Amino acid sequence: MNGYFLTDQGKVRNHNEDAGGIFYNQSGQVLAVVADGMGGHRAGDVASEMATSHLHKKWQEVDALNSPEHSEEWLRGAIEVVNDEIKEYAEQHEECHGMGTTVVAAVCTDNFVTIGHIGDSRIYMANEYGFKRLTEDHSLVNELVKSGQISYEEAEHHPRKNVLLKALGTEAKVSADISTLEFEPDNRLLLCSDGLTNKVHEEELSELTNFEGDWKEYGRQLIDLANERGGEDNITLAVVHYDERDVKEGADEC
């Protein structure tokens with residue numbers, strides 16, 4: 001299981017409020033995380049870093065998640081605990097009042113992937129069936145699109161596009177969207193903040209499906225493209241590739 005993480009400040013912001021990473025537990029399973037500190041809120045970088053570091057810490061305590069049920073239970077519980085920790089920290093530190101963050105997380109095993117998300121950061125999957133977005137934005141414009149009040153094209157340029165309906169650390173109780181899918185050799189996942197998806201079209205992101213080069217190069221190309229188109233926001237992505245070679249090498253060792 002190969003993972004790669006990259007974040008960039010962009011061309012306009014004076015600091016980076018995104019965070020994330022690729023983390024391995026004791027059994028070599030992967031947890032991928034991307035968190036986008038809420039723009040316009042104080043200490044967004046603190047919230048995103050707390051979400052990432054706390055999920056990382058909890059993941060290191062995990063031996064192995066061997067069933068979708070166990071994986072979903074762990075991810076839901078971990079996100080709820082992190083929400084409590086961020087909210088409590090904000091209440092105890094005046095300079096952090098009102099901070100929050102989006103989060104997308106993927107628990108990747110040899111047989112399945114469990115994903116969870118809050119906010120408008122996204123997860124995409126590429127497999128034998130093509131390229132597909134796995135998450136639905138918790139945003140005002142997405143609700144307007146679902147209700148038929150605006151079109152998808154209008155949503156792309158809506159003045160309130162960045163208004164979130166749900167974020168981590170802003171409410172006492174938060175419910176993440178959790179689901180599990182099959183994860184097979186050569187499947188790929190892309191987790192990213194809206195600094196990427198606001199600038200790079202899904203048709204361009206779909207190159208994930210057939211990419212065969214260096215994942216660092218793939219990520220750098222997407223970051224550069226977003227920056228060439230303005231780079232007004234921080235830009236963050238994580239890629240997980242279920243490398244077929246890992247399966248073959250494991251079989252050879254048996």
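For this structure, a couple of remarks:
- Here r is the Cβ-Cβ distance between residue 67 and residue 95 and R0 is 35 Å; the resulting FRET efficiency, rounded to 0.05, is 0.25.
- The candidate values are [x] 17.7; [y] 19.8; [z] 18.4; the one derived from this structure for Kirkwood radius over Cα pairs in Å carries the label [z].
- Gaussian network model of the chain, Cα within-10 Å springs - most flexible of 61, 88, 182: 61
- Other-chain or far-sequence residues with amide H under 5 Å of residue 20's (modelled H): 35
- Solvent-accessible area per residue for the chain (1.4 angstrom probe, square angstrom): 48 Å²
- Distance between segment 171-193 and segment 118-148 - C-alpha centres, whole angstrom: 11 Å
- Of the accessible area of the chain, computed with a 1.4 Å probe over protein heavy atoms only, carbon and sulfur atoms account for 45 percent.
- Reference-scaled alpha-carbon Rg (2.2 N^0.38 Å with N residues) for segment 107-254: 1.16
- Under 26 Å from residue 87, Cα to Cα: lysines that are on another chain or at least 8 residues apart: 57, 58, 161, 166, 173
- ³J(HN,Hα) computed for each position of segment 10-21 - Karplus, 6.51 cos²θ - 1.76 cosθ + 1.60, integer Hz, glycine/proline x: x, 9, 10, 5, 8, 7, 9, 9, 8, 8, x, x
The values are calculated or read from the model by the stated rules, or taken from the named source; none is laboratory data. Given the structure is predicted, the values throughout are model-derived calculations rather than measurements. Methodologically, a virtual Cβ is constructed for each residue, glycine included, from the backbone with ideal geometry; neighbour enumeration extends over all protein chains shown. For the accessible areas, the whole protein counts, side chains as well, though only heavy atoms, and no ligand, DNA or RNA atoms are used. Shrake-Rupley method; radii C 1.70, N 1.55, O 1.52, S 1.80 Å.
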